[in-house]
Amino acid sequence: MNNSPALKSLAHKVGGMLCCRNSANKYKRLDAKVERKMMEVKRSASRDSNFRSVNGIILRFPQIKEGLKDIRGVFEKFDEDSNGTIDREELKKCLHDLQLHLPKKEIDDIFQSCDVNGSEGIQFKEFIVLMCLIYLLMDHSNSTQTTSQIGSPQLKATFDIIIEAFLFLDKNGDGKLNKKDMAKSLNEDSPWEKPPAHITRSRFQEMDWDRDGKVTLREFLFSLIDWVGIDTDDDNPATEW
Ligand SMILES: [Ca+2]
Ligand SMILES: [Ca+2]
Ligand SMILES: [Ca+2]
């Protein structure tokens, strides 16, 4: 093989393209898996949703914020070099210590799809999303074990609320949100008065990060974390609805 700089640079470029395409595929693979799981959860839901309206979800924001605080301690514990991100090695140790035994491929998928700003490490917000996705994908057949693995019962309850909120919004039950789902959900707040189309649209666009016309649970989680104001001080209000 010729080692000329031009060839090397070409190889580097092609490598980069392959790498990016590969990670986009991994992204899809995880999202598809999460979608399937959400449909499964929806089908097996034994009781009616706690939610009747979008307002009902918004009213739970303070509770969600409080419940997610517990993750901060887990994050700091496993960020061993305290650089503010969890790298692959730290994540491996984290999942091992929490006894979350996932196939390596799945860990890679989750790592890549949560590491959205491409910093090669999981930041705190990304870590919340990661934990919630792992919680969803875990086998829930043994519920006492689940509680001890993922953290406090309060944290588990918070993840349940978040998943339920998404299921409430997912009107057609296909595991993702589209504009129709959102319009229908917002309609339930005031059925006699349709919400202005631009509100539905802007809410939706805010959530749909990759602009593909659907909001996955992963995208919903990132928006929700911003809305409940997890990283901001109490006197610094989150986006108003
Ligand atoms: Ca670190
Ligand atoms: Ca849907
Ligand atoms: Ca999307």
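If R0 equals 41 Å, the separation of the Cβ atoms of S82 and N172 corresponds to a calculated FRET efficiency of about 0.40. Within the shell defined by Cβ-Cβ distances under 14 Å, the residues around S82 carry a net charge of -4, with Lys and Arg each +1 and Asp and Glu each -1. Amide H to amide H, with H built 1.01 Å from N, I86 comes under 5 Å of I122, Q123, counting only residues 5 or more places away or on other chains.
Pairs spanning more than 30 Å between alpha-carbon atoms, out of K93/K179; K156/K176; K65/K180; K156/K184; K93/K214: K93/K179; K93/K214. Sequence-ordered 3J(HN,Hα) estimates for segment 175-181 from the Karplus curve with 6.51, -1.76 and 1.60 and θ = phi - 60° stand at x, 8, 9, 10, 4, 4, 3 Hz, glycine and proline given as x.
Within a straight-line Cα-Cα reach of under 18 Å, K69 can be paired with the following aspartates and glutamates, leaving aside sequence neighbours fewer than 8 residues apart in one chain: D79, E126, D160, D226, D231, D233, D234, D235. Extension gain, F61 to K184, is 42.2 nm, computed as 0.36 nm per intervening residue step minus the present C-alpha separation.
Remark: spin-label model distance S119-E40 equals 3.3 nm, labels positioned 7 Å along the Cα→Cβ axis.
Beyond 21 Å, how much of the Cα-Cα pair distribution for segment 21-228 remains, as a whole percent? Percentage above 21 Å: 54.
Computed from the coordinates by the stated procedures, all read-outs in this text should not be read as laboratory data. All of these numbers come straight from a predicted model, not from anything done at the bench. Every residue, glycine as well, gets a Cβ built from its backbone with ideal geometry; the counts of neighbours run over all protein chains shown.
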